[in-house]
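S.K.: So that we are looking at the same thing, I have put the structure below in structure tokens.
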Amino acid sequence: MNVPENPEGRSKLHPTPWRIFIELAKINTVTLGGGYVIVPVIGNTFEKLGWINEKDFYQVFSRAQVFPGPIALSTSFLVSYRIAGVLGAIAALLGVMLPPFFALILVGGFISIYGNTLLFKRFLAGAGAVVPGLVASMLWRTAKNRKWTVRTAIEVIVFAVLLAAFPSQAFFILLGGIALLYVGKLVWKS
């Protein structure tokens, strides 16, 4: 068995289904926020463990965005499938889904008891302040690995401004934008 090594020369553990489950369960137990907060944490963890490099992780992440459902689940599934096969992908699904499931049950009971306390409200405010930074980090890593053209940059900026200016119309802006981009690429190539 060939064990990858890190720069310091210490051996790394192979990505077995059990190790994938444990790592993803740990991440999903302690990370607050949605998928775009969890994805960079998964990438950093898997990279530090020597299971996948950053470039390959974000290539898989870009493919995971076309799958329906939570982005952390799709990304974990595809990355784990790549590094450990079918059993790794199943372990990833369980590692991503089980901690939030149990946490929701636990937090629901906790909120019903302590939801109106000042300490609880301050905790939520502090946790919410961290999320934009984590999302910005993930966006930066994704953006730097993409091939940019002037046209692509303008499209992204226009959609970001539209989404920020009209958040209640986000669904229609995204649908219309996807349709316009698709038609625009067909027309542009012809």
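S.K.: Tell me the label only: which of [x] 103; [y] 93; [z] 173 is volume of the Cα convex hull per residue in Å³ as calculated from this structure?
M.R.: Matching entry in [x] 103; [y] 93; [z] 173: [z].
S.K.: Here's a follow-up. Please find the FRET efficiency linking VAL86 to ARG63, where r is the Cβ-Cβ separation and R0 is fixed at 22 Å, and quote it to the nearest 0.05.
M.R.: Details: r = 17 Å, r/R0 = 0.79.
The formula returns an efficiency of 0.80 here.
S.K.: In the chain, if the dipole is taken from +1 on Lys/Arg beta carbons and -1 on Asp/Glu beta carbons about the Cα centre, which of ILE20, VAL41, TRP140 is farthest to the positive end?
M.R.: TRP140
S.K.: At a 10 angstrom cut-off on C-beta neighbours, averaged per residue, how do the peptides 32-40, 156-164 rank from highest to lowest? Numbers along the way, then the final one.
M.R.: Values: 32-40: 19.8, 156-164: 12.4.
Top of the packing list down: 32-40, 156-164.
S.K.: What value, in deg cm²/dmol to 500, does the helix sum -39500 (n - 2.57) over DSSP H runs of n ≥ 4 give at 222 nm once divided by the residues of the chain? Provide the component values of the computation, followed by the final result.
M.R.: Working: 7 runs with 146 residues, N = 190.
The helix-only estimate for the chain comes to -26500 deg cm²/dmol at 222 nm.
S.K.: Now a separate question. Placing unit charges on C-beta atoms (Lys and Arg positive, Asp and Glu negative, everything else neutral), compute the dipole magnitude of the range 1-146 about its Cα centre in debye, rounded to 20.
M.R.: Working: 13 positive and 6 negative charges, 44 e Å.
Dipole of the range 1-146, to the nearest 20 debye: 220 debye.
S.K.: I've got another one for you. Hey, how many Å between the Cα centroid of the range 147-189 and the Cα centroid of the range 66-119?
M.R.: Using only Cα atoms to place each centre, the spacing works out to 30 Å.
S.K.: With the dipole of the range 1-146 worked out from charges on the C-beta (+1 for Lys and Arg, -1 for Asp and Glu) around the Cα centre, which of ALA84, LEU106, PRO70 lies farthest toward the positive end?
M.R.: The residue sitting farthest along the positive end of the dipole is PRO70.
S.K.: Of LYS48/LYS185; LYS26/LYS185; LYS121/LYS147; LYS26/LYS144, which ones are farther than 32 Å apart at the Cα?
M.R.: From LYS48/LYS185; LYS26/LYS185; LYS121/LYS147; LYS26/LYS144, over 32 Å: LYS48/LYS185; LYS26/LYS185; LYS121/LYS147.
S.K.: Between PHE171 and THR16, 0.36 nm times their residue separation minus their Cα-Cα distance comes to what? Could you put the intermediate results ahead of the total?
M.R.: Working: separation 155, 0.36 × 155 = 55.80 nm, distance 3.92 nm.
In short, 51.9 nm is gained.
No value in this document is a laboratory result; all are computed from the given coordinates. Computed from a predicted structure; not experimentally measured. Reconstructed Cβ throughout: ideal geometry from the backbone, glycine too, with neighbour counts over all protein chains shown.
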